[in-house]
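Peer 1: Can you keep this structure in mind? I'll have questions shortly.
The values are calculated or read from the model by the stated rules, or taken from the named source; none is laboratory data. Just so we're clear, the structure is a prediction, and the values are computed from it rather than from any experiment. Every residue, glycine among them, receives a Cβ derived from its backbone with ideal geometry; neighbour counts consider all protein chains shown.
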Amino acid sequence: MYFIIDTVSKKSRIILKTNNIINSIIIPSNNKIQISESIINKLLQVFKKNFNLEKIKTIAVCTGPGSFTGLRIGIAAAIGLASTIKAKICGFGSFEILLEYSRLNYSYQNVHILIQSSNDQNFYAAFD
């Protein structure tokens with residue numbers, strides 16, 4: 001089972017992947033509720049649903065680009081959870097995932113990627 005934490009996207013989420021089943025849980029945040037407050041509540045909700053922590057073998061976390069605070073929160077949550085349950089942890093970059101997706105599905109020579117983060121920052125990359 002994979003446990004994925006994305007605190008960088010416009011709608012931050014926790015994703016659980018078991019075999020071919022993917023469950024996505026949005027982590028709410030707005031001007032009144034910061035992601036740092038709501039991620040712990042969402043993690044607790046996930047684990048209260050008869051969820052077996054021992055089934056988690058790998059925890060993946062988005063490493064950016066994105067909001068520095070969002071990155072720190074996601075990485076800290078992943079490290080804390082991984083050390084508690086003795087799971088492997090790995091990081092993934094948003095640009096790399098989108099680049100790999102475009103290479104698998106399209107035959108473009110040049111790929112340009114624009115990502116908008118949760119705090120309305122824009123991140124751009126160009127690949128040949």
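Peer 1: Of all residues in the range 1-41, which are out of contact with any strand residue (DSSP E or B) (no Cβ under 6 Å at 6 or more places or on another chain), closer than 17 Å to Ile79 by Cα and among the basic types (Lys, Arg)?
Peer 2: Matches in the range 1-41: none.
Peer 1: Only one of these is touching a residue at least 60 places away in the same chain (Cβ under 8 Å) and surrounded by fewer than 16 Cβ atoms within 10 Å (Cβ to Cβ): Gln34, Gln116. Name it.
Peer 2: None of the other options fit; the residue is Gln116.
Peer 1: Is it the case, given these coordinates, that Ser12 is in contact with a helix residue (DSSP H, G or I) (Cβ under 9 Å, 6 or more places away or on another chain), within 22 Å of Leu114 (Cβ to Cβ) and of a type in the set (S, T, N, Q)?
Peer 2: Yes.
Peer 1: Restricted to the range 54-75, and to residues that are under 29 Å from Asn19 (Cβ atoms) and of a type in the set (S, T, N, Q), which residue is surrounded by the fewest Cβ atoms within 10 Å (Cβ to Cβ)?
Peer 2: For the range 54-75, the residue satisfying everything is Thr58.
Peer 1: Applying the selection to the range 64-86, what residues are of a type in the set (Ser, Thr, Tyr) and either outside any helix (DSSP H, G or I) or within 17 Å of Phe3 (Cα to Cα) (or both)?
Peer 2: Within the range 64-86, Ser67, Ser83, Thr84 qualify.
Peer 1: Does Asn105 meet the test of being free of Cβ contacts under 8 Å to residues at least 60 places away in the same chain, closer than 26 Å to Asn30 by Cα and of a type outside the set (Gly, Ala, Ser)?
Peer 2: No.
Peer 1: Another one. Hey, can you tell me all the residues within the range 65-75 that are in contact with a helix residue (DSSP H, G or I) (Cβ under 9 Å, 6 or more places away or on another chain) and of a type in the set (A, V, I, L, M)?
Peer 2: The answer is Ile73, and nothing else.
Peer 1: Still on this structure, I have one more. Looking at the range 31-50, is at least one residue modelled with pLDDT of 80 or more, among the aliphatic types (A, V, I, L, M) and either in a loop (DSSP other than H, G, I, E, B) or in contact with a Phe, Trp or Tyr (Cβ under 9 Å, 6 or more places away or on another chain) (or both)?
Peer 2: Within the range 31-50, not a single residue is modelled with pLDDT of 80 or more, among the aliphatic types (A, V, I, L, M) and either in a loop (DSSP other than H, G, I, E, B) or in contact with a Phe, Trp or Tyr (Cβ under 9 Å, 6 or more places away or on another chain) (or both).
Peer 1: Criterion first (of a type in the set (A, V, I, L, M), closer than 21 Å to Ile40 by Cα and modelled with pLDDT of 90 or more) does Ile85 satisfy it?
Peer 2: no
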